[in-house]
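Written out below as structure tokens is the structure these notes cover.
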Amino acid sequence: MPKKTDNIFTIGFTKKTASVFFEKLRDAGVKRIIDVRLNNVSQLAGFSKKDDLQFFLKEILGIEYVHLPLLAPTQEMLDRFKADKGPWENYERDFLALMAGRRVEDQIDRELIPGACLLCSEDKPDFCHRRLVAEYLSRKWGNLNIIHLV
């Protein structure tokens, strides 16, 4: 019997109002947010700061919040890419090597994934590590349907 395919969602909070952000999660039927940001307490994060977001998700939508910095880039990688304006191809290569080195597919309980949504800041997934995480896990585990909420 073939394995069931699980949906995994991704979303970024920038360029979205709180109402649009929470409506997208509700409309998609997201059950859990998996925060893959290295820094989830920045003042620039607005409604998506860790404690505020955890409260809003639970109170507004009944959604669980999990922070998994294991799925975040290192500060050095972020600095190289953002501050030094490094090319995306280098960032992608380095980030995927980091995921492989951490063996994240063996470190994460797959039961967290069905109906979960990977959260980061970038508004679109094209140049964001949340897309790379979802694709990496899909390659390692199979049977994941990746849906980007934009």
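Details
- Across the range 16-52, the number of residues qualifying as within 30 Å of GLU76 (Cβ to Cβ), in a helix (DSSP H, G or I) and free of Cβ contacts under 8 Å to residues at least 24 places away in the same chain comes to 5.
- Among (1) modelled with pLDDT of 95 or more; (2) not in a loop (DSSP other than H, G, I, E, B), the one test that ASP79 misses: (1)
- Only one entry in VAL30, VAL20 is surrounded by 14 or more Cβ atoms within 10 Å (Cβ to Cβ) and more than 25 Å from LEU96 (Cα to Cα), namely VAL30.
- Neighbours by Cβ (under 7 Å, 6+ apart or cross-chain): first from the range 69-93, more than 22 Å from ILE33 (Cα to Cα); second of a type in the set (Ser, Thr, Tyr): MET77/TYR91; PHE81/TYR91
- Selected residue (criterion: farthest from the chain's Cα centre (by Cα)) from residues of the range 96-114 that are outside any helix (DSSP H, G or I) and surrounded by 16 or more Cβ atoms within 10 Å (Cβ to Cβ): ILE108
- When restricted to residues that are under 25 Å from LEU98 (Cα atoms) and surrounded by fewer than 16 Cβ atoms within 10 Å (Cβ to Cβ), the range 39-48 contains 3.
- Filtered by the rule that a residue be surrounded by 13 or more Cβ atoms within 10 Å (Cβ to Cβ), under 22 Å from TYR91 (Cα atoms) and either among the hydrophobic types (A, V, I, L, M, F, W, C) or over 14 Å from the mean Cα position of the chain (by Cα) (or both), the range 118-146 gives LEU118, LEU119, CYS120, CYS128, LEU132, VAL133, ALA134, LEU137, LYS140, ILE146.
The values are calculated or read from the model by the stated rules, or taken from the named source; none is laboratory data. Please read all numbers here as calculations on a predicted model, not as lab measurements. Ideal geometry is used to build each Cβ from the backbone, glycine not excepted, and the neighbour counts take in all protein chains shown.
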